[in-house]
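Novice: One structure follows; several queries about it will come next.
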């Protein structure tokens, strides 16, 4: 049976894009993914992710990514009647519609708190030939299903590449893009008004770009 896994990387950072990935595999080959050491990309080192990605072509039928840049994320977050979950739903459905394969089941790392609502959204976006696909949308699916873990690795490597390209283009050190990263903290403190790749709808960005008189940037980060 042909199955698909879908996951994203970079939902939470204040810097850079979010990447959504789909991986397609014959279910009988999922054991090979486990042998490769495929797991939730957050639990793998950058070197391990790169090593696994280089071997995935031996198991996967195909894979595809969609990169969602900060302006599109900001538009989704700040629009009435739309949000980040719906943006992910659209991106995930787009990927399933775009691949050549016709999987019988698709496993999704659920970004929403409401599985039924998200699944309904996802199916409504599918082309007619995909309408009968079985959808399994669960939290921590990237831990439970190797094919979702594979999608997680693909998405994470692609996002890391995007960040490295930004660093090279602008000759800066960004770090991971998450405010908890000390390198990213320093970068945001010094550059929040200088570059076009911040998610300006994020509260972190808003707090930094319009600090109150009572709270300096330094004190803001100390409380994080």
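The values are calculated or read from the model by the stated rules, or taken from the named source; none is laboratory data. None of these values were measured; they are calculated from a predicted model. All Cβ positions, glycine included, derive from the backbone under ideal geometry; neighbour counts span all protein chains shown.
Novice: Please specify each residue of region 83-140 satisfying the condition of being part of a loop (DSSP other than H, G, I, E, B) and within 19 Å of residue 65 (Cα to Cα).
Specialist: Scanning region 83-140 gives 99, 100, 101, 102, 103, 110, 111, 125, 126, 127.
Novice: Limited to region 77-112, what total is found for residues that are closer than 20 Å to residue 14 by Cβ and touching a residue at least 40 places away in the same chain (Cβ under 8 Å)?
Specialist: 6
Novice: Counting only residues that are crowded, with 19+ Cβ neighbours inside 10 Å, out of contact with any strand residue (DSSP E or B) (no Cβ under 9 Å at 6 or more places or on another chain) and not in a helix (DSSP H, G or I), how many does region 42-60 have?
Specialist: 1
Novice: From the list 56, 87, pick out the single residue that is assigned by TED's automatic domain parsing to the domain that holds residue 156, in contact with a helix residue (DSSP H, G or I) (Cβ under 7 Å, 6 or more places away or on another chain), at pLDDT 95 or above and farther than 13 Å from residue 7 by Cβ.
Specialist: 87
Novice: Got at least one residue in region 14-21 being out of contact with any helix residue (DSSP H, G or I) (no Cβ under 6 Å at 6 or more places or on another chain), crowded, with 24+ Cβ neighbours inside 10 Å and under 17 Å from residue 184 (Cβ atoms)?
Specialist: Yes: one or more hits.
Novice: State yes or no: is residue 214 more than 22 Å from residue 19 (Cβ to Cβ), modelled with pLDDT under 90 and not in a loop (DSSP other than H, G, I, E, B)?
Specialist: Considered against the rule, which asks whether it is more than 22 Å from residue 19 (Cβ to Cβ), modelled with pLDDT under 90 and not in a loop (DSSP other than H, G, I, E, B), residue 214 comes out as no.
Novice: Picking from 38, 19, which residue would you name as being closer than 19 Å to residue 156 by Cβ, assigned to a loop (DSSP other than H, G, I, E, B) and in contact (Cβ under 8 Å) with a residue 12 or more places away in the chain?
Specialist: Selected residue: 38, the only one of 38, 19 that is closer than 19 Å to residue 156 by Cβ, assigned to a loop (DSSP other than H, G, I, E, B) and in contact (Cβ under 8 Å) with a residue 12 or more places away in the chain.
Novice: Next up: Would you check which residues across region 25-41 are buried (at least 24 other Cβ atoms within 10 Å of the Cβ) and in contact with a strand residue (DSSP E or B) (Cβ under 9 Å, 6 or more places away or on another chain) and list them?
Specialist: 25, 33, 41
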